[in-house]
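What follows is a set of notes on a single structure, which appears directly below.
The values are calculated or read from the model by the stated rules, or taken from the named source; none is laboratory data. Note that the structure is predicted; figures quoted are calculated from it, not measured. Every residue, glycine among them, receives a Cβ derived from its backbone with ideal geometry; neighbour counts consider all protein chains shown.
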Amino acid sequence: MRHPKLREWDRKLKAVCDRIDSWLEDEYGDLYRLRPNRAERGETCNPEMDGLFNIQAVFTPGYGSEKGRGYIIEIEISTLDIISQTNRQKIDKKVLFLIKQDLLKEDGWEYD
């Protein structure tokens, strides 16, 4: 059984990832065709399972890493289309910005 604070942190992180998923769907959802075996946005009860994007925070113990343990943000784009390096970098940078902004805002801080 997990500690209540860990459950709350996981809930908060999932909510942040779901909000970012929704923003990405609004911003980039029409630029690429959805993979044929992927449900359309909103067809499932979990944003991880439908639409073009799947944003997840995955904990890693950090073995062999210079950074140590922590969370890795996975950004999956469910398309067979080629995504330009420029758009991929824009998406990655925006996700990082939104995660920092959203997590700090929930703790009463602002991120520039």
**OP:** Kindly check whether there is at least one residue in the stretch 32-47 that is in contact with a Gly (Cβ under 9 Å, 6 or more places away or on another chain), over 23 Å from residue 100 (Cα atoms) and small (Gly, Ala, Ser).
**Re:** yes
Subject >> Inter-residue pairs, beta-carbon under 6 Å, first of a type in the set (Val, Ile, Thr) and in the stretch 89-106, second assigned to a helix (DSSP H, G or I), 6+ apart >> reply: 95/20
**OP:** Hey, could you check the stretch 1-29 for residues that are farther than 21 Å from residue 103 by Cα and over 18 Å from the mean Cα position of the chain (by Cα) and say which is surrounded by the most Cβ atoms within 10 Å (Cβ to Cβ)?
**Re:** 2
Original post:
What pairs come up if the first residue lies in the stretch 1-28 and is of a type in the set (Ser, Thr, Tyr), the second is not in a helix (DSSP H, G or I), and their beta carbons are under 9 Å apart, counting only those six or more places apart or on different chains?
Top reply: 22/41; 22/51; 22/53; 28/52; 28/53; 28/77
**OP:** Go through 2, 41, 33 for me and flag whichever is on the phi < 0 side of the Ramachandran plot, assigned to a loop (DSSP other than H, G, I, E, B) and in contact with a Ser or Thr (Cβ under 8 Å, 6 or more places away or on another chain).
**Re:** 33
**OP:** Starting from the stretch 63-76, keep only residues that are over 16 Å from residue 53 (Cα atoms), then list their pairs with residues that are among the aromatic types (Phe, Trp, Tyr) and assigned to a strand (DSSP E or B) whose Cβ atoms are within a distance under 7 Å, requiring at least 6 positions of separation or different chains.
**Re:** 71/59
**OP:** Would you mind finding the one in 25, 48 that is assigned to a helix (DSSP H, G or I), within 18 Å of residue 87 (Cα to Cα) and acidic (Asp, Glu)?
**Re:** 25
Subject >> So residue 68, is it part of a loop (DSSP other than H, G, I, E, B), touching a Gly at 6+ places or on another chain (Cβ under 7 Å) and modelled with pLDDT of 90 or more >> reply: yes
Subject >> Residue count, the stretch 71-88 (criterion: over 18 Å from residue 100 (Cα atoms), of a type in the set (D, E, K, R) and not in a helix (DSSP H, G or I)) >> reply: 2
Original post:
Among 99, 73, which is of a type in the set (Val, Ile, Thr), touching a strand residue (DSSP E or B) at 6+ places or on another chain (Cβ under 6 Å), under 15 Å from residue 21 (Cα atoms) and surrounded by 13 or more Cβ atoms within 10 Å (Cβ to Cβ)?
Top reply: 73
